[in-house]
1. So how much slack lies between residue 71 and residue 54, counting 0.36 nm per residue of separation and subtracting their Cα-Cα distance, in nm?
2. Can you give me the Kirkwood hydrodynamic radius for region 33-73, using every pair of distinct Cα atoms, in Å to one decimal?
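Every number in this text was worked out from the coordinates using simple rules, so none of it is lab data. Note that the coordinates shown come from a computational prediction; the quantities given were computed from them, not determined experimentally.
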């Protein structure tokens with residue numbers, strides 16, 4: 001082994017690249033829900049309804065979708 005540091009550097013670089021790819025979370029609609037709830041509490045009802053509807057349309061199986069439907073209704 002003439003260059004053991006080459007293997008160490010290459011291994012470290014691969015670990016960094018692989019771990020960077022694995023940290024992304026899947027969206028779940030929480031951002032729409034939080035924004036819509038803030039709008040609703042500030043008496044901006046039409047924008048709140050629009051954001052709740054976006055949540056329902058884009059993330060129908062999100063845990064926030066049922067709450068959004070109830071808040072619209």
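1. On the way: separation 17, 0.36 × 17 = 6.12 nm, distance 1.31 nm.
The span from residue 71 to residue 54 would gain 4.8 nm if fully extended.
2. 9.6
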